[in-house]
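Worksheet: one structure, shown below.
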């Protein structure tokens, strides 16, 4: 008997013509790790919300969901609450109470457990997840990754049989996301917990999963082992989300077993050893003669008078018409550097100059807006109206332009960011990638010469990242400069011209992207990690594929 | 938490404050006020150091002085006339005393309230409410969680708006108001959106099932019972003194305080002990530590 069994489920939201789910069949066996993926609007979230009566959306439904052989609506709510654990997307918004210990106890209180039982369960969870030292902290003082870990621990305290997760890592930075996914994998392997995970970081979850379900337009497209699904999706738009070794294997029309991890990929790539080296990647353009747009010279900064220096003599030059990516770990000072360039903070020593002029000379709003456009980490914070078009007009209206110029500007921006079909929607209803583009559109309305982006790929799936990367490339071709702060090695490897690595408040390396990644051992793309030793200069998937096909 | 009293069971904390504050307010007796004031100062010093005590007094003293000055100007009851105002109304010793005591009472209450804020953390209040009003207790916890979440989002939205040239700190009053309204309206939308997620998370974790219990991490032990009994004993003794007029203070028409009989002195002593409970707890603890350190 399957733990969860979806039989011929068809569901449509009220007042929508097309059903969100049509004829979905899915069986989840005890102890399985199932990954559900698909583009935005493919119905994956709608499907997993049917696994719990309390979350089932309203609308027209046919078909049935069985939990341990019993129709779900006949399973009483107490059993559902404790046995079917659910973790959602937004880490902060799932938290109900103010203290970590109270949050962990919240579900247990609802189940009506005795005090002694609760003490024991909390103790168990705190030691399993390593939360002992946080127990007395306020939940809002935790980072996004810690908050999501707390959400997981509070659900696990209720001893669920199956854990259902709806894109739990989409709001986390890559480090925290990896840690979270490993925690899930550990639960699955050590405790035999059944996991149903909706996720778009497929490169990370493919090696963990027993089965991958691909959805499109409310239907199950494929439902098979990761390797076979990888094979099947090779020509599907979703392929950009699959693990890098898989993409290289399919790109180079490889034979044999498809590799899923870098380790397997290296073993497979060894067959090209020695045959290579006629494929040389295109030389990078020298940046020394390009005019400098942004420059930081010996910049020192700290937040509090007696605090530690966050930036310690930062020197940085951003050439015009390029994508410059500043990388580094959390707390390394990346976002601080961005706040100095945007004028939100001022260095206490050293100089920030924009087009050779001191940052201080730009009074008030003249810097932010006209020369610099800043895209905040959370694009949602830019929206103030309830329709995308109104939101854009809201900003455009006050600009000193004639009506024709305004219309032309709007048309240009909408075309650049591909917002045509979305103008009538509420900005909060857009998917992560669409929100990012709508926010970028708003910044572009001001026609800034330099764009500052803070973690632009956070929460984006592979396809949206590709769209964003191409959009940024188009903008630089038009003479704009893009300076971004990012954790995303793959994205920077594919699209940035120059990369800098910030560590301990200083720039420890600044090189053209290709040289940068080819020179690093750990801080580099998966494609480079895999091809190192065979094609040392290859950084992106395309590089490796090209090198493979040319050497055959 | 370093303070020994703050680490006690919330019920002990609450009972202590009810007795001390209740007696301070309802028996406006100069000696009791003095004892209460000294103990409050002592505990504040222990909790926040000289700087904290100074700040507390800077808040409490003006209240006291102001009340002592203003009361005789407007109240002319009492038979001991000290002099006459330019308006011809008498200034009496009784109204001066009454003003001083009312002010003293308010000042002492201010000092106790400062320590209350330090001792009665949100956790304890939530626990205490949970006994009688479980829904209210959860609500307090949720509000305490939501407020910082909301202010943080407000900060982020304002910062993002500044980056597209919509700075709330610049422009005419009208422009600022207009911009403020826009930010507020989107924050309302955001709050609604957020609360939908929170509600889902609560439902998913079984909120609304009958028979909800309350988790807490406080332990009631024999020591708590003993301290509670002691505090109740002291409090009841002082009340008995008041009821039997052994402790008595009259302000009008002629001020008169009880004689310092043996019973009255015992009552003073007991109230002093009651007010000093936090200090005694801390003192005993410090002494024990020092004793054991010496042994080692």
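Just one residue in the set B:32, B:59 is under 30 Å from residue B:227 (Cα atoms), touching a helix residue (DSSP H, G or I) at 6+ places or on another chain (Cβ under 9 Å), touching a residue at least 12 places away in the same chain (Cβ under 8 Å) and not in a strand (DSSP E or B); that residue is B:32.
Count, please, the residues in the range A:304-335 that happen to be free of Cβ contacts under 8 Å to residues at least 24 places away in the same chain and over 28 Å from the mean Cα position of the chain (by Cα). Please lay out each step first, then the result.
First, pick out the residues of the range A:304-335 that are free of Cβ contacts under 8 Å to residues at least 24 places away in the same chain: A:304-308, A:331.
Pick out the ones that are also over 28 Å from the mean Cα position of the chain (by Cα) and you get A:304-308.
The qualifying residues number 5.
Residues of the range B:153-172 being touching a helix residue (DSSP H, G or I) at 6+ places or on another chain (Cβ under 7 Å) and facing chain A (nearest Cβ under 7 Å), which ones?
Initially, the range B:153-172 is screened for residues touching a helix residue (DSSP H, G or I) at 6+ places or on another chain (Cβ under 7 Å), giving B:153-154, B:156-158, B:160-161, B:163-168, B:170.
Once the filter is applied, which keeps residues that are touching a helix residue (DSSP H, G or I) at 6+ places or on another chain (Cβ under 7 Å) and facing chain A (nearest Cβ under 7 Å), the range B:153-172 yields B:156, B:157, B:160, B:163, B:164, B:165, B:167, B:170.
Of the residues B:138, B:111, B:147, which is within 11 Å of chain A (Cβ to nearest Cβ) and either in contact with a strand residue (DSSP E or B) (Cβ under 6 Å, 6 or more places away or on another chain) or buried (at least 17 other Cβ atoms within 10 Å of the Cβ) (or both)?
Working: B:111 fails: within 11 Å of chain A (Cβ to nearest Cβ); B:147 fails: either in contact with a strand residue (DSSP E or B) (Cβ under 6 Å, 6 or more places away or on another chain) or buried (at least 17 other Cβ atoms within 10 Å of the Cβ) (or both).
Checking each option against the conditions leaves just B:138.
Considering only the range B:254-264, I want to know if a residue exists there that is in the same structural domain as residue B:94 (by TED's automatic domain parsing), outside any helix (DSSP H, G or I), surrounded by fewer than 13 Cβ atoms within 10 Å (Cβ to Cβ) and in contact with a strand residue (DSSP E or B) (Cβ under 6 Å, 6 or more places away or on another chain). For the range B:254-264, residues in the same structural domain as residue B:94 (by TED's automatic domain parsing), outside any helix (DSSP H, G or I), surrounded by fewer than 13 Cβ atoms within 10 Å (Cβ to Cβ) and in contact with a strand residue (DSSP E or B) (Cβ under 6 Å, 6 or more places away or on another chain): present. For residue B:86, state whether it is in a helix (DSSP H, G or I) and either free of Cβ contacts under 8 Å to residues at least 12 places away in the same chain or in the same structural domain as residue B:233 (by TED's automatic domain parsing) (or both). Answer is no for this residue. Being away from chain A (no Cβ under 12 Å) and surrounded by fewer than 16 Cβ atoms within 10 Å (Cβ to Cβ) is the filter here; which residues of the range B:119-134 pass it? Selection gives B:131, B:132, B:133.
In the range A:115-144, what residues are in a loop (DSSP other than H, G, I, E, B) and either under 29 Å from residue B:150 (Cβ atoms) or facing chain B (nearest Cβ under 9 Å) (or both)? Steps first, please.
Keep residues of the range A:115-144 that are in a loop (DSSP other than H, G, I, E, B), which gives A:130-131, A:135-137, A:142-143.
Of everything in the range A:115-144, those that are in a loop (DSSP other than H, G, I, E, B) and either under 29 Å from residue B:150 (Cβ atoms) or facing chain B (nearest Cβ under 9 Å) (or both) turn out to be A:131, A:135, A:136, A:137, A:142, A:143.
Of all residues in the range A:374-390, those satisfying the criterion of being in a helix (DSSP H, G or I), crowded, with 18+ Cβ neighbours inside 10 Å and either more than 25 Å from the chain's Cα centre (by Cα) or within 8 Å of chain B (Cβ to nearest Cβ) (or both) are A:380, A:381, A:382.
State all residues of the range A:1-14 that are part of a strand (DSSP E or B) and over 27 Å from residue A:184 (Cα atoms); if no residue qualifies, say none. Walk me through how you get there before you give the answer.
Going residue by residue through the range A:1-14, those that are part of a strand (DSSP E or B) are A:4-12.
Result: A:8, A:9, A:10, A:11, A:12.
Residue pairs whose Cβ atoms lie under 9 Å apart, separated by 6 or more positions or on different chains, with the first residue in the range B:194-207 and more than 7 Å from chain A (Cβ to nearest Cβ) and free of Cβ contacts under 8 Å to residues at least 60 places away in the same chain and the second surrounded by 18 or more Cβ atoms within 10 Å (Cβ to Cβ) and part of a helix (DSSP H, G or I), are B:195/A:93; B:195/B:146; B:196/A:93.
Just checking, which of A:133, A:82 is crowded, with 22+ Cβ neighbours inside 10 Å, on the phi < 0 side of the Ramachandran plot and at pLDDT 90 or above? I'd like the intermediate steps shown before the answer.
Details: A:133 fails: crowded, with 22+ Cβ neighbours inside 10 Å.
Of A:133, A:82, the one residue that is crowded, with 22+ Cβ neighbours inside 10 Å, on the phi < 0 side of the Ramachandran plot and at pLDDT 90 or above is A:82.
Filtering the range A:12-22 for residues that are within 14 Å of another protein chain (Cβ to nearest Cβ), on the phi < 0 side of the Ramachandran plot and either in contact with a helix residue (DSSP H, G or I) (Cβ under 6 Å, 6 or more places away or on another chain) or without any contact (Cβ under 8 Å) to a residue 24 or more places away in the chain (or both) leaves an empty set.
Check whether at least one residue in the range A:394-407 is within 17 Å of residue B:157 (Cα to Cα) and within 12 Å of another protein chain (Cβ to nearest Cβ), and report yes or no. It would help to see each step written out before you state the result.
At the first step, the residues of the range A:394-407 found to be within 17 Å of residue B:157 (Cα to Cα) are A:394-395.
Narrowing further to those that are within 12 Å of another protein chain (Cβ to nearest Cβ): A:394-395.
Yes, there is a match, as at least one residue in the range A:394-407 is within 17 Å of residue B:157 (Cα to Cα) and within 12 Å of another protein chain (Cβ to nearest Cβ).
Across the range A:423-433, the number of residues qualifying as modelled with pLDDT of 85 or more, part of a helix (DSSP H, G or I) and more than 14 Å from chain B (Cβ to nearest Cβ) comes to 0. Within the range B:208-239, the set of residues being surrounded by fewer than 14 Cβ atoms within 10 Å (Cβ to Cβ) and either closer than 19 Å to residue A:106 by Cα or more than 14 Å from chain A (Cβ to nearest Cβ) (or both) comprises B:208, B:210, B:211, B:221, B:222, B:223, B:225, B:226, B:229, B:232, B:233, B:236. Of the helices (runs of 4 or more DSSP H) lying entirely inside the range A:484-533, those containing at least 1 residues that are more than 18 Å from residue A:548 (Cβ to Cβ) and touching a helix residue (DSSP H, G or I) at 6+ places or on another chain (Cβ under 8 Å) span A:489-495, A:513-519.
The values are calculated or read from the model by the stated rules, or taken from the named source; none is laboratory data. Predicted model only: the values in this text are computed from it and were never measured. Cβ coordinates were reconstructed from backbone atoms using ideal geometry, including for glycine residues, and neighbour counts include every protein chain displayed.
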